[in-house]
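One structure is given here, and the rest of the page talks about it.
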Amino acid sequence: MYQLHLYDTPIAMNTALATAIIANLQNAINLRNCASLAVSGGPTPIELFQILSKAQLAWEKVYITLADERWVDKHHEDSNERLIHTHLLQNKAKAAHFISLKTVAENPYDGVDEIQARLEQLLPLPIDVLVLGMGDDGHTASLFPHAENLSKGLDMHSERMVIDMKPLTAPHDRISLTLPVILNSKHLYLQLSGKKQQQVLQQALAGINSNDMPIRAVLHQQKLPLQIYLAQ
């Protein structure tokens, strides 16, 4: 269950997506005096983050976390937390509250329970706005193809909010939001850019095996409308 929004340029796509996200967050603030936003890392959302950071919003009422994180130091160049602080938690959005998916544990398996408790305590649930990305291998968040823990991450009957993940096709151990948390969000977006990602999307839509391409579990579900924003 999805709706596809096509744009000629990344700036047009990011501007439209930012407008939708701000409207969702404002509605949440109006309803419960707070809002929650979960975002993804990588290069694709950087321009979106920069636009959001300058938006007029009561950011002090917004709680931001990540869809996933690499198990590296927060100053590491591959850290999603570092990316968020550099590009999103700036300007007006500096007033927002950030909830990290990282602990001092040596690995995500040892840190996952602490992060679960942290999210349950600090993050307004369900998540108001969740922005996913997609890798060329069809992963989303850090739900990677054929990873040992993938079935647990995709289990809609699980009560886990986060799960540790060891990708077969990417560096670093990871921690990721689980599929039930993703699909329990109020507004769900998938942000894509370029011909390659358009081709991967078409491939994902053409099949049903989520072990091969975990993004299929999001694309083919009937629980929550997915809004796909694609810059061609």
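The values are calculated or read from the model by the stated rules, or taken from the named source; none is laboratory data. Nothing here was measured: the structure is a model prediction, and the numbers come from that model. Positions of Cβ are backbone-derived with ideal geometry, glycine not excepted, and every protein chain shown enters the neighbour counts.
Inside the range 186-226, can you point out the residues that are under 16 Å from the mean Cα position of the chain (by Cα), surrounded by fewer than 22 Cβ atoms within 10 Å (Cβ to Cβ) and in a loop (DSSP other than H, G, I, E, B)? Result: Lys186, Leu224, Pro225.
Of the residues making up the range 154-168, those that are closer than 21 Å to Pro45 by Cβ and over 14 Å from the mean Cα position of the chain (by Cα) are Met165, Pro167.
When we screen Lys92, Lys54 for residues that are of a type in the set (D, E, K, R), at pLDDT 95 or above and in contact with a Phe, Trp or Tyr (Cβ under 7 Å, 6 or more places away or on another chain), the only hit is Lys92. From the list Asp128, Asp155, the lone residue that is among the acidic types (Asp, Glu), in contact with a Ser or Thr (Cβ under 9 Å, 6 or more places away or on another chain) and either at pLDDT below 95 or within 30 Å of Thr15 (Cβ to Cβ) (or both) is Asp128.
When Ala18, Ala28 are checked against the criterion of being surrounded by 17 or more Cβ atoms within 10 Å (Cβ to Cβ) and without any contact (Cβ under 8 Å) to a residue 40 or more places away in the chain, a single residue qualifies: Ala18.
With the condition kept exactly as written, say whether any residue in the range 138-148 is outside any strand (DSSP E or B), loosely packed, with under 15 Cβ neighbours inside 10 Å, at pLDDT 95 or above and in contact with a helix residue (DSSP H, G or I) (Cβ under 7 Å, 6 or more places away or on another chain). Within the range 138-148, none of the residues are outside any strand (DSSP E or B), loosely packed, with under 15 Cβ neighbours inside 10 Å, at pLDDT 95 or above and in contact with a helix residue (DSSP H, G or I) (Cβ under 7 Å, 6 or more places away or on another chain).
For His75, state whether it is at pLDDT below 95, surrounded by fewer than 22 Cβ atoms within 10 Å (Cβ to Cβ) and of a type outside the set (D, E, K, R). It is true that His75 is at pLDDT below 95, surrounded by fewer than 22 Cβ atoms within 10 Å (Cβ to Cβ) and of a type outside the set (D, E, K, R). For Leu83, the test of being touching a Gly at 6+ places or on another chain (Cβ under 7 Å), surrounded by 18 or more Cβ atoms within 10 Å (Cβ to Cβ) and modelled with pLDDT of 95 or more is passed. Residues in the range 3-21: is at least one of a type in the set (Ser, Thr, Tyr), in a loop (DSSP other than H, G, I, E, B) and under 18 Å from the mean Cα position of the chain (by Cα)? For the range 3-21, residues of a type in the set (Ser, Thr, Tyr), in a loop (DSSP other than H, G, I, E, B) and under 18 Å from the mean Cα position of the chain (by Cα): absent.
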